[in-house]
Each structure stands twice: as structure tokens, then as C-alpha cells.
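Take a look at the structure below.
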């Protein structure tokens, strides 16, 4: 019997400056903040943290969303995506 595993993730969708969007998926909020373009030495200020997580100025901060990836592992050890997921950018 196969088993399903939920992997919680956080995504950051950011305008790439050329009319498109870049999406990066992180294991948690702290990893996202450490990699954010406003981070210095892996840390953001308290003010920037609030601004990023509250969705202020999506053009500069990007759009943060939470979700999950569900993976199914079969008895023979093969893994597959069990549920689709998507990332939305824009209005």
C-alpha cells in the first residue's frame, strides 16, 4: 500500500523586470526571508519582515503564499506527485 506525505512549502513570486515572474519555493518562512533580496547576511529587518509577510508593495517585495506538495510513495519505492499545485502571479 502506498503512503502519501505532505510537504508544507512557502513560495515567493516576484516580477522579474522583463514582464514575467519568477517563482521560488522554500521549506519555510525563515528560509524565504533569508534568501530575500532585502536580506543582509541572511537577515531582514523587523520592518522589512512585516512588509514582506503582509504583502505590502508586491512589486518590490514579491507575493508570498503558503501551500503544500503531496507526494505518494509506492510499495516499490517510486515517488510521484499526488496532488497538483499552482502558483499565481498578478491580480
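Here, each number is a calculation from the coordinates, and none is a lab measurement. Owing to the predicted nature of the structure, the values given are computational and were not obtained by experimental measurement. Cβ coordinates were reconstructed from backbone atoms using ideal geometry, including for glycine residues, and neighbour counts include every protein chain displayed.
What number, in percent, do you get for the relative contact order of the chain if the mean sequence gap of Cα pairs under 8 Å and at least 6 apart is divided by its residue count?
Working: 143 pairs, mean separation 34.0, N = 91.
Here the relative contact order equals 37 percent.
Can you give the helix-only mean residue ellipticity at 222 nm for the chain, where every DSSP H stretch with n ≥ 4 adds -39500 (n - 2.57) and the sum goes over all residues, rounded to the nearest 500 deg cm²/dmol?
Numbers: 3 runs with 20 residues, N = 91.
Counting only the DSSP helices, I get -5500 deg cm²/dmol.
By per-residue mean of other Cβ atoms within 10 Å, what is the highest-first order of 71-83, 29-41? Numbers along the way, then the final one.
Details: 71-83: 10.8, 29-41: 14.3.
Answer by packing, highest mean first, reads 29-41, 71-83.
Residue separation times 0.36 nm, minus the C-alpha to C-alpha distance between residue 37 and residue 18: what's the value?
Values: separation 19, 0.36 × 19 = 6.84 nm, distance 1.72 nm.
Length gained, residue 37 through residue 18: 5.1 nm.
Inverting the mean 1/r over all pairs of different Cα atoms, compute the Kirkwood radius of the chain and quote it in Å. Display every interim value, and only then the final one.
Values: mean 1/r = 0.0683 Å⁻¹.
So the Kirkwood estimate lands at 14.6 Å.
Which of 63, 1 has the fewest other C-beta atoms within 10 Å, and how do the rest follow up to the most? Display every interim value, and only then the final one.
Numbers: 63 19, 1 4.
Placing the least packed residue first, the sequence is 1, 63.
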